[in-house]
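Peer 1: Handing you a structure now.
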Amino acid sequence: MKLIDFFKQFPDEQSCRDYFREQRLTEGITCRNCKGTSHYWMKTIEQFQCKDCRTRTTLRSGTVMESSNLCFRDWFIAMHLMTSTKKGISAKEMQRQLGFKRYEPVWFMMQKIRIAMGARDERYELTGFTEMDEGYFTTVESATVGEKDKKSKRGRGSEKRTPVLVMAQTEYVKNPKNHQQHSRCKFFKMRVMPDLKSTTINKVVKDSVDPRTKVKTDGLRSFSRLNEVVRKHLPKVIPPDQAGRELPWVHIAISNAKRNLLNNFHHVDDTYLQNYLDEFTYRLNRRYSGDKIFVKLLIACISFCWII
Ligand SMILES: [Zn+2]
């Protein structure tokens, strides 16, 4: 959505609240007391009331915005800026755009949106044919950030290379002109890994990939037990200079993700790497959604409550 269209549709706080309410009603509201799904809208106090037990639900409760003091329009603008730009936006830049004095509320809001993005993508499994490979992302150990900051404001924790499992669902299509097959990528997943043991990899693959999937990897030993969790494992010993040709989509995704993180954030705390990757893959998986990506994210944020 273009900025001009966004501000036309959401000129003020009320227009955001109205739109949010409509989307919540479309998604369905569940009463936290009796699990009833029929509600009245009480206009004067702007709350839903359960038709069965009269329990009230505020506009924000049960969504990612629960217990947030930021207004709906701030959340809407943040969601818009995080989806309308190809490359994303840093919290510092978001703070500037929203005109906030404090950095922390903006940072927290963006992290919650990223968590909602990740939760949405977790609903889907990759299927068909999937490329898989590991990539290493440079992060800063979170435990050391505080210690170093005491000594120097510009200080940072020790750098490390965090392993990430990257999966790309691809399909092969025939070019009708020359009858040659070429691969096309569909959906991606990226998972920060505590280690690259085969049991750890199998667990993550089981959660991310349909068991009927065929998986292509390089010859890394850690992939050797993938047959236990997928229909067919196709390992291939790939010389380093051939990796981009044999597993093209995972390699493109890894290098684009690294560049994206480097451009937006000078250093990434390893605790939050998964959130940043979730944002990256969320946009990547919806690259053909056009203007609809905003409302998709809004629905993801309505359906996800970070308070357990
Ligand atoms: Zn109820």
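Peer 1: Tell me the residue from Thr58, Thr26 that is of a type outside the set (A, V, I, L, M, F, W, C), within 27 Å of the chain's Cα centre (by Cα) and within 16 Å of the ligand (Cβ to nearest atom), please.
Peer 2: Selected residue: Thr58, the only one of Thr58, Thr26 that is of a type outside the set (A, V, I, L, M, F, W, C), within 27 Å of the chain's Cα centre (by Cα) and within 16 Å of the ligand (Cβ to nearest atom).
Peer 1: Let me ask you something else. Every residue in segment 29-55 that is more than 16 Å from the ligand (Cβ to nearest atom), open to solvent by 60 Å² or more (accessible area, probe 1.4 Å) and either of a type in the set (D, E, K, R) or touching a Leu at 6+ places or on another chain (Cβ under 8 Å) (or both), please.
Peer 2: Lys43
Peer 1: Select from segment 149-158 the residues that are of a type in the set (D, E, K, R) and surrounded by 13 or more Cβ atoms within 10 Å (Cβ to Cβ) and write down the one among them that is modelled with the lowest pLDDT.
Peer 2: Selected residue: Asp149.
Peer 1: Kindly provide the set of residues from segment 122-148 that are at pLDDT 80 or above and of a type in the set (A, V, I, L, M), ordered by number.
Peer 2: Passing the criteria: Leu126, Met132, Val140.
Peer 1: Moving on to the next point. I'd like to know if segment 64-78 contains one or more residues that are of a type outside the set (Lys, Arg), open to solvent by less than 30 Å² (accessible area, probe 1.4 Å) and either within 16 Å of the ligand (Cβ to nearest atom) or within 16 Å of the chain's Cα centre (by Cα) (or both).
Peer 2: Checked segment 64-78: at least one residue is of a type outside the set (Lys, Arg), open to solvent by less than 30 Å² (accessible area, probe 1.4 Å) and either within 16 Å of the ligand (Cβ to nearest atom) or within 16 Å of the chain's Cα centre (by Cα) (or both).
Peer 1: Does Arg56 satisfy the condition of being modelled with pLDDT of 95 or more, basic (Lys, Arg) and touching a strand residue (DSSP E or B) at 6+ places or on another chain (Cβ under 8 Å)?
Peer 2: Considered against the rule, which asks whether it is modelled with pLDDT of 95 or more, basic (Lys, Arg) and touching a strand residue (DSSP E or B) at 6+ places or on another chain (Cβ under 8 Å), Arg56 comes out as yes.
Peer 1: Let me ask you something else. Quick one: Gln95 ticks every box in (1) crowded, with 17+ Cβ neighbours inside 10 Å; (2) out of contact with any helix residue (DSSP H, G or I) (no Cβ under 7 Å at 6 or more places or on another chain) bar one, so which box is it?
Peer 2: (2)
Peer 1: For segment 1-16, what are the residues that are under 24 Å from the mean Cα position of the chain (by Cα) and assigned to a helix (DSSP H, G or I)?
Peer 2: Leu3, Phe6, Cys16
Peer 1: Do we have Ser289 as of a type outside the set (A, V, I, L, M, F, W, C), surrounded by 14 or more Cβ atoms within 10 Å (Cβ to Cβ) and modelled with pLDDT of 95 or more here?
Peer 2: no
Peer 1: Restricting the search to segment 78-112, which residues are of a type in the set (A, V, I, L, M) and in a helix (DSSP H, G or I)?
Peer 2: Those that are of a type in the set (A, V, I, L, M) and in a helix (DSSP H, G or I): Ala78, Met79, Leu81, Met82, Ala91, Met94, Leu98, Val106, Met109, Met110.
The values are calculated or read from the model by the stated rules, or taken from the named source; none is laboratory data. It should be emphasised that the depicted structure is a prediction, and the values quoted were computed from it without experimental measurement. FYI the Cβ positions are ideal-geometry reconstructions off the backbone, even for glycines, and counts take in every protein chain you see. Calculation scope for accessible area: heavy atoms of the full protein, side chains included, ligands and nucleic acids excluded. Shrake-Rupley method; radii C 1.70, N 1.55, O 1.52, S 1.80 Å.
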